[in-house]
1. Just to be sure I understand, how many residues within the range 1-15 are surrounded by 19 or more Cβ atoms within 10 Å (Cβ to Cβ) and part of a helix (DSSP H, G or I)?
2. Tally up the residues in the range 47-81 that are charged (D, E, K, R) and at pLDDT 90 or above, please.
3. For the range 21-36, does any single residue satisfy the condition of being over 18 Å from Ala68 (Cβ atoms) and modelled with pLDDT under 90?
4. When you check Ala44 against the structure, is it at pLDDT below 95, aliphatic (A, V, I, L, M) and in contact with a Gly (Cβ under 9 Å, 6 or more places away or on another chain), yes or no?
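The values are calculated or read from the model by the stated rules, or taken from the named source; none is laboratory data. Given the structure is predicted, the values throughout are model-derived calculations rather than measurements. All Cβ positions, glycine included, derive from the backbone under ideal geometry; neighbour counts span all protein chains shown.
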Amino acid sequence: MEDKLVTAGEFETGFEAELAKARLEEEGINAIVVGGELATHRGAVGPIRVELQVFEKDAQKAAQIMAAIEQANSSESDEQA
């Protein structure tokens, strides 16, 4: 059975997507970044969202990890304000 890829998150930069990818891979989830190279040239072609994709079987766990990352980032922003 072939497992399909689904989008686990969207980012403005390839760097942000790569950080999230590393976090998912620490948890044993294989992930790929799609569009990171294009985002480097966004001025020439307009805004581009960089996608982080995972296998469908890992999507629920990835969503939980991504939510935890978002919550941690939000808490850091609140503390700095």
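1. Within the range 1-15, residues that are surrounded by 19 or more Cβ atoms within 10 Å (Cβ to Cβ) and part of a helix (DSSP H, G or I) number 1.
2. 5
3. Looking for residues that are over 18 Å from Ala68 (Cβ atoms) and modelled with pLDDT under 90, one finds at least one in the range 21-36, hence yes.
4. no
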